Structures are given as structure tokens and as C-alpha cells.
Amino acid sequence: VYESVFPAIVGKTIVGCDESTVIYEVVNTRATKFDWTLPEYAAVTGGLGTSRIEVNFNASMVGEAIKDNEIIYVRSAGDELLQGEGERRLADGIGLRVKITDYEGNCSPEPDVKLYGFDCGRPSTCTQHVLHKTTEVYTCGERIQYLMEKGESEADACRQVAMVQFHGHCGGCNP
């Protein structure tokens, strides 16, 4: 007999550096006791030992816009009698990768995170997160801004960077 769904952690994968009351939960399991491990600047404020926790983030972001590849990790504790591949995986531990952001400068003593004043006409996809992605040396936003300073329209600069030069990194800003 095969299990169709494995245990997983569900919750926000992009959070603000000072965000509070963020919920993470283990689903698709019969386990009842859990050991959670969080990044050093995240604290459980409710539900410790259960499948559903509340977390507050308080990350210092000096010189950074994003802390990437932070892991929220959980394993079942004391439920050794549970059967199935998914339950064995949970006993070994599963993780959820989280990005912690500070685009507004809330967590930096000296807000040095640049906010770009353009969105290439695509506010839902050309976000500050996309504009801050690094392409070789410069970010998508820096490249677009440079072309605009050289006289190209916003649409042309966005098209050049997001479609022609760096579609994989900056594609969300393609008008």
C-alpha cells in the first residue's frame, strides 16, 4: 500500500524581517508530538510541541534585502509506532525554505535597501523582490534604472533587461 500524500510544512515562504504571528503547520500526518527548529531570529510564540505553531520574526538585516535559504525544520517526536514512508520521513525531519525580506528598511539601523520607483507596468510581477534579484553583478532594478538614465523609456528598459538580457532572473518585469 502506497501513501498518496507525504507530511509537509505549510505556511508563508516569504516573510518580513519583523513580521509576527506567522502560522506554520504540519499536514498529512497522524503524529501528535513535534520538535521544531527555527532560524536564530525566529521565535515560537504559541503551539510549541504541536503540529501548528505561531512564529515571530525579528531579523537584523544590516546591508541585506533578503535572507535566503532559511529553514524551518520539524520532526515527529515520540510517535515511533506510526507506519508508512511519510511518517518515517517526518520522524527523520522535514523542512520548509523561507526567505526573510526587508525592502522597507524596518530591520536595518541604516536603511540602505533601495526601493525602486518603477514597476515596468507590471505591479503584480515586477515586485521589489524581482527588482533586487542579482544578475551577474547588478540587480534587475539597477540594470533597468541605468538604461532609463541613458534615455530609454521605462518600457524599453524593462523589455531589454527582462526579456532580452536576463529573462530567467528579471522576467517578472517584462512589460
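The values are calculated or read from the model by the stated rules, or taken from the named source; none is laboratory data. Model, not experiment: these values are computed from the prediction. Quick reminder, even Gly has a Cβ in these numbers, built from the backbone with ideal geometry, and neighbours come from all protein chains shown. When the accessible area is computed, the model is the full protein with side chains, heavy atoms only, and any ligands, DNA or RNA have been set aside. Shrake-Rupley method; radii C 1.70, N 1.55, O 1.52, S 1.80 Å.
When residues of segment 46-59 are filtered for being assigned to a strand (DSSP E or B) and surrounded by 13 or more Cβ atoms within 10 Å (Cβ to Cβ), how many remain?
Number of matching residues: 6.
Determine whether segment 71-81 contains at least one residue that is touching a helix residue (DSSP H, G or I) at 6+ places or on another chain (Cβ under 6 Å), open to solvent by less than 20 Å² (accessible area, probe 1.4 Å) and part of a strand (DSSP E or B).
Yes, the conditions are met somewhere in segment 71-81.
For VAL5, which of the numbered conditions (1) at pLDDT 90 or above; (2) exposed (fewer than 13 other Cβ atoms within 10 Å of the Cβ) fails to hold?
(1)
Of the residues in segment 8-27, how many are assigned to a loop (DSSP other than H, G, I, E, B) and buried (at least 18 other Cβ atoms within 10 Å of the Cβ)?
Of the residues in segment 8-27, 2 are assigned to a loop (DSSP other than H, G, I, E, B) and buried (at least 18 other Cβ atoms within 10 Å of the Cβ).
Considering only residues that are exposed (fewer than 15 other Cβ atoms within 10 Å of the Cβ), of a type in the set (Asp, Glu) and within 13 Å of TYR116 (Cβ to Cβ), which ones fall in segment 144-165?
The one that is exposed (fewer than 15 other Cβ atoms within 10 Å of the Cβ), of a type in the set (Asp, Glu) and within 13 Å of TYR116 (Cβ to Cβ): GLU149.
Just to verify a result, which residue in segment 28-42, among those that are under 30 Å from ASN106 (Cα atoms) and exposed (fewer than 14 other Cβ atoms within 10 Å of the Cβ), is modelled with the lowest pLDDT?
The selected residue is GLU40.
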